[in-house]
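Read the structure below first, then the notes.
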């Protein structure tokens, strides 16, 4: 499965070269006739899944759209806050399945520090681009450390983690078109990079290490993958399985 970097004539050549080197991908001067490509626009970095359908673009923006809306309604994140629990001081959360940072941003907005790990290089660059564009508007982003690599390895190299947060990818209902589209594109990216997204394996690897608390996000009706569970926090469509 092919992927390249489309360079517009007005783009920052140094930034394009950095992306090319980081991903070991070819730079082209025309939109490819088929396959996927990344390009750097005025609005930021985009990943287009299918060059024959330019609307199939993944672009991360923390200041508008669904993420911006969530940030304005952090008081509605009751289940997530219950899962974290009450803490006298700010805590450090290790997000082992960072993805598009949808929950990490909420943790940060609530005043916590986060170490977020994402294995995909493409997703890492998309998220990092979004962070750079938003950091002047969202000062809490200075409490984020974003890592690129396998979370099982990165976790063992970190210290003083209060909570491990895991939100593995699971199939979403087809009626949720926006979210399903994101998942389809993310799965496509993982396929390009030959990454096996095994959320259960990440959970068991970290659970076999030293930890204080693990929050595992699951669809509300999904099976419990480890019955040695301490308690659950349930919402309408998702639940949080807590291991201490």
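Since every read-out is calculated from the coordinates, none of them should be taken as a lab result. Treat the numbers as computed from the prediction; the structure is a model and nothing was measured. Positions of Cβ are generated from backbone atoms using ideal geometry, with glycine treated the same way; all protein chains shown enter the neighbour counts.
With both bridge residues required to lie in segment 32-130, what share of the DSSP beta bridges run antiparallel, to the nearest 5%? Walk me through the numbers on the way to the answer.
Working: 8 of 12 bridges.
Antiparallel: roughly 65 percent of the beta bridges in segment 32-130.
Mean-square fluctuation check for the chain, GNM, Cα pairs under 10 Å: which of 65, 111, 96 is largest?
Evaluated over the chain, the most mobile residue of the options is 65.
Under a GNM of the chain (C-alpha, springs under 10 Å), which listed residue has the highest mean-square fluctuation: 121, 217, 88?
Residue with maximal mean-square fluctuation among 121, 217, 88: 88.
Hey, could you get me the Stokes-Einstein D for segment 1-82, Kirkwood radius over alpha-carbon pairs, 10 °C and 1.306 mPa s, rounded to whole µm² s⁻¹? Mind dumping the intermediate values first?
Working: Rh = 14.6 Å.
D = 109 µm²/s.
Would you work out the relative contact order for the chain, in percent, from Cα pairs under 8 angstrom that are 6 or more residues apart?
16 percent
Per the helix-only calculation at 222 nm, which mean residue ellipticity applies to the chain, given -39500 (n - 2.57) for every DSSP H run of n ≥ 4 and division by its residues, nearest 500 deg cm²/dmol? Present the calculation step by step, with values, prior to reporting the outcome.
Details: 8 runs with 76 residues, N = 244.
Estimated from H runs of four or more residues: -9000 deg cm²/dmol.
Output the antiparallel fraction of DSSP beta bridges having both residues in segment 3-58, as a percent to the nearest 5. Could the numbers behind the result be given before it?
Numbers: 8 of 13 bridges.
Percentage antiparallel, nearest 5: 60.
By how many degrees, 0 to 90 and rounded to 10, does the Cα axis of helix 121-134 deviate from the longest principal axis of the chain?
The answer is roughly 90 degrees.
At a Förster distance of 41 Å, what's the computed FRET efficiency of residue 110 paired with residue 30, Cβ-Cβ distance as r, to 0.05? Let's see the in-between values first.
Working: r = 45 Å, r/R0 = 1.10.
Using R0 = 41 Å, I get an efficiency of 0.35.
Could you tell me the relative contact order of segment 63-130? Use alpha-carbon pairs under 8 Å, at least six residues apart, and round to a whole percent. Numbers along the way, then the final one.
Values: 52 pairs, mean separation 21.2, N = 68.
Relative contact order, segment 63-130: 31 percent.
When the convex hull of the C-alpha atoms of the chain is computed, what volume per residue in Å³ does it have?
Per residue, the Cα convex hull of the chain comes to 135 Å³.
How much length is gained if the chain between residue 194 and residue 64 is pulled fully straight, taking 0.36 nm per residue apart and subtracting their Cα-Cα distance, in nm to one decimal? The partial results should precede the final answer.
Details: separation 130, 0.36 × 130 = 46.80 nm, distance 3.10 nm.
Here the segment from residue 194 to residue 64 would lengthen by 43.7 nm.
Highest GNM mean-square fluctuation, the chain, Cα pairs closer than 10 Å: which of 59, 188, 76?
So, out of 59, 188, 76, the one fluctuating most is 76.
At 7 Å along the Cα-to-beta-carbon direction for both residue 222 and residue 9, put a label point, then send me their distance in nm to one decimal.
4.8 nm
Starting from the Cα-Cα distance between residue 50 and residue 76, subtract it from 0.36 nm times their residue separation and give me the gain in nm to one decimal.
On the way: separation 26, 0.36 × 26 = 9.36 nm, distance 3.58 nm.
Once the chain is fully extended between residue 50 and residue 76, it gains 5.8 nm.
Which percent, nearest 5, of DSSP beta bridges in segment 65-243 are antiparallel?
Numbers: 10 of 25 bridges.
Just about 40 percent of them are antiparallel.
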